[in-house]
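The structure appears below as structure tokens.
Every number here is computed from the coordinates shown, using simple stated rules; none is lab data. On a predicted model such as this, the values are computed, not experimentally measured, just so you know. We place every Cβ from the backbone using ideal geometry, glycine too, and count neighbours over all the protein chains shown.
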């Protein structure tokens, strides 16, 4: 359900919680022929810096407003009609529940005219929707607590599961200093940890000897 002006206002000027939008302008204002502030069911944001977009050019920008999203509200970045009619668009991204920080915008000029933004000009509008309940996983990602500047893409490192690979026989771990043992006498034999080596591969490619000179075979890693 999209939030009406009254609900947006209550989340921005209500007591006991950090404002959802800051600074918050309750009464719609007009600058350079375009409006910003609270409207019937959205909020029009302002750009925080000067920017010129040539035809076919794209750029990152950021808003004057900071956001502190409740766990049961999501925001949608939406084009302003005045810019859409000259074919300047903002990529329609989400402001996740739980996001705290400044908003980076992705703007592109698809038209044939140069578009100039001055600091404080209206740039996009945000539509807010209630979730059916508070999310149990509010945003805590790589863009949390963004500062007031355009932030480029950040890429997350792929989480690699910890893999414990053990010898079939002695259960020694790969990746640490290995203590393998002779199958006959259980004398410890140190082995260097390598991906391609066998548990008992110490000095010979297929076999090794313990300190008592008894021969025992190597076996492959399990895993």
Checklist entry - Which parts of the stretch 42-59 would a label at residue 147 reach, counting a residue when its backbone N lies under 19 Å from a point 7 Å out along Cα-to-Cβ? => result 48-50
Item to check | Packing-based ranking, highest mean first, of 46-55, 142-151 given that Cβ atoms within 10 Å are counted | outcome: 46-55, 142-151
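When the chain is fully extended, how far beyond the present Cα-Cα distance does residue 91 get from residue 26, taking 0.36 nm per residue of separation?
Details: separation 65, 0.36 × 65 = 23.40 nm, distance 2.56 nm.
Full extension from residue 91 to residue 26 adds 20.8 nm.
Can you put 139, 76, 36 in order of Cβ neighbours within 10 angstrom, beginning with the fewest?
Final ranking by Cβ density, sparse to dense: 76, 139, 36.
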Item to check | Rg to Rh quotient for the stretch 21-73, alpha carbon positions, Kirkwood Rh | outcome: 1.03
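If you take the beta carbon distance between residue 106 and residue 129 as r and set R0 to 25 Å, what does 1/(1 + (r/R0)^6) give as a FRET efficiency, to the nearest 0.05? All intermediate terms of the calculation are to be shown ahead of the outcome.
Numbers: r = 21 Å, r/R0 = 0.83.
The computed FRET efficiency comes out at 0.75.
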Checklist entry - When the scattering of the stretch 5-130 is computed by the Debye formula from its Cα atoms alone, each counted once and equally, what is log10 I(q)/I(0) at q = 0.12 Å⁻¹? => result -0.42
